[in-house]
Amino acid sequence: MADLSETAERTIAPVPRITIQAFCETSETAAMIEGAALDRRMQKAQVKVRMGGGAAAIEAYRHAPTPNVIVIETQGPRSKPLECLDALAEVCDEGTRVLVIGHLNDVVLYRQLIQRGVSDYLMAPVDPLTLIAAISDLFTAPGVKPVGRTVAVYGVKGGIGASTVAHNFAWSVARNQGMQTVIADLDIAFGTASLNFNQDPPQGIAEAVFAPERLDSALVERLLSKCSDTLSLLSAPASLDRTIDLSEPAFDALIEYLRASVPCVVLDVPHQWNAWSKRVLTAADEILIVAGPDLASLRNAKNILGALKHGRPNDAPPRILLNGVGVPKRPEIGTPEFAKTLEAPVALTIPFEPALFGTAANNGQMIAEIQAGSKVAELFNDLAALTLGRPETRRSGRTSLLEPLLARFAGTKLGGIKLVGGKAS
């Protein structure tokens, strides 16, 4: 249990760019959390406070993705904390951390909560700094996994629309999954992210890549361009004042910093095949391969899948996306034949919609901003949910929050959701 005197004596690290939702039973706790959200250490976090305790949390997440952190207040046995947590485990997404604020000083209850995977139990009344310290420790303590997942988007040939897919995908993750997201445009020479989002930042990703010794929170915050409350952009420079000769680990420090502070990092990887691009793709948590329904795309996609398989033997294969399908009078390789030749499923086919995509590009907007109800906008929403969002089916029965940890010791891999680690896959 957290101790306020200990909290006051140490430095509290800033809370990363995460989402926090609290479910309170008393107005005093709700007011305390709202006050904590205004603290300078919480300025990157997005905090939402609701009433209703554990029961309200369970109901809220039956059909919605869970945030990075859930705070639940329980007033004692009448709140049925153990039953609530067991039910919450059935509707929680992978990676969600749970903090409980309780009014009962009971060591037995504390142990039961910890056994169920609760990250911490705070005794009410809670001071704002105690809550902030508890949340900060979830992401800064030694051995804790980074908060974020990296999604690399890569086109099998130039001009295939991979950047457009990356930007619309990131927009959907931020908007529809409610997840703090950063787009990192890795095409330092000719990146288009700033154009697609109608941004003109004075600095960008080059400042972090060419001077890694200066990399810190202040620099990254200065380089990020805010597109919305949940979406930020790390853009490429709009000039060719220097040649781009990058070493293999050129992006390592920057990506690891972003993973440690942002729930979702979308890497817009240019169509190059060199040491650093292969390294970025191999290290990504998820890979989206964008291809067209033609022979060159099929050959290149097959070669890329083969090359990445050696470096990712224990990972799920990249998701294949077919872009620009259905060009009038153009002979195309059908989706079933494309998938059969690759020996891999096609996750998504994006239809040829030149007017829609052209208008979005010229306006510096996303597809959903131009035509929210279009088929293409829904496809990007589905892709976001499939890649990082809430699974459509959940396991039945009561599930312990500690189950993934037990499975790790047992050497087994569980299906369904987990409450320890990254977001659901």
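Quick look at the values:
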| quantity | calculated |
| --- | --- |
| Region 44-158: C-alpha gyration tensor shape, a/c 1.5 cut-off, then a/b vs b/c | prolate |
| Förster-model FRET efficiency, 60 Å R0, GLU343 and ASN105, C-beta, rounded to 0.05 | 0.50 |
| Most to least packed among 184-192, 270-278 [average Cβ atoms within 10 Å] | 184-192, 270-278 |
| Of ASN314, ASN198, ASN363, the one that fluctuates the most in a GNM where the chain has Cα springs shorter than 10 Å | ASN314 |
| Projected label distance in nm at ASP382 and ALA275, using a 7 Å step from Cα toward the beta-carbon | 4.2 |
| FRET efficiency for PHE190 and ILE114, using Cβ-Cβ distance with R0 set to 60 Å, rounded to 0.05 | 0.70 |
| Length-normalised contact order for the chain - Cα pairs under 8 Å, 6+ apart - percent | 20 |
| Estimated [θ] at 222 nm from DSSP helical runs (n ≥ 4, -39500 (n - 2.57)) normalised by residues in the chain, nearest 500 | -11000 deg cm²/dmol |
| Inter-probe distance in nm under a simple model that places probes 7 Å from Cα toward Cβ, at ASN198 and PHE210 | 3.0 |
| Net charge dipole size for the chain [Lys, Arg +1 and Asp, Glu -1 on Cβ; Debye, nearest 20] | 1020 |
| Region 194-208 - phi-based ³J(HN,Hα) in whole Hz, Karplus 6.51/-1.76/1.60, Gly and Pro as x | 5, 5, 5, 9, 6, 10, 9, x, x, 10, x, 5, 4, 4, 7 |
| Residues with amide H under 5 Å from that of ASP120, placed H, sequence gap 5 or more | VAL100 |
| By accessible area with a 1.4 Å probe, ligands and nucleic acids excluded, highest first: order of ASP200, ASP252 | ASP200, ASP252 |
| Average accessible area per residue (Å²) across region 202-338 - probe 1.4 Å, nucleic acids and ligands excluded | 48 |
| GNM flexibility winner over the chain from ARG214, ARG259, ARG116 (Cα, springs under 10 Å) | ARG214 |
| Exposure ranking of ILE244, ILE333, ILE350 by accessible area [1.4 Å probe, largest first] | ILE244, ILE333, ILE350 |
| Average Cα contact separation per residue, region 187-233, under 8 Å, 6 or more apart, as relative contact order % | 34 |
| Distance in nm between pseudo-label sites at ARG78 and GLU221 (7 Å out along the Cβ direction from Cα) | 4.3 |
| Gain in span if fully extended, ARG330 to SER228, counting 0.36 nm per residue against the direct Cα distance | 32.9 nm |
| Ordering of 11-19, 56-64, 284-292 by packing [mean C-beta count within 10 Å, highest first] | 284-292, 11-19, 56-64 |
| Amide H partners (placed H, <5 Å) of VAL47, local residues excluded | ILE20 |
| Cα-based shape type of region 27-110, given that a ≥ b ≥ c are square roots of the gyration tensor eigenvalues and the cut on a/c is 1.5 | oblate |
| Under-5 Å amide H pairs with PHE23, H placed in peptide plane, nonlocal only | ARG50, VAL71, ILE72, GLU73 |
| Gained length - ALA253 relative to LYS309, 0.36 nm times residue gap less alpha-carbon distance | 17.8 nm |
| Region 147-224: C-alpha gyration tensor shape, a/c 1.5 cut-off, then a/b vs b/c | oblate |
| Sorted peptide list for 315-325, 45-55, criterion being average Cβ within 10 angstrom, highest first | 315-325, 45-55 |
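The values are calculated or read from the model by the stated rules, or taken from the named source; none is laboratory data. All values derive from a computational prediction rather than experimental measurement. Neighbour counts run over all protein chains shown; Cβ positions are idealised from the backbone, glycine included. Remember, those area values only see protein heavy atoms, side chains included, never the ligands or the DNA or RNA. Shrake-Rupley method; radii C 1.70, N 1.55, O 1.52, S 1.80 Å.
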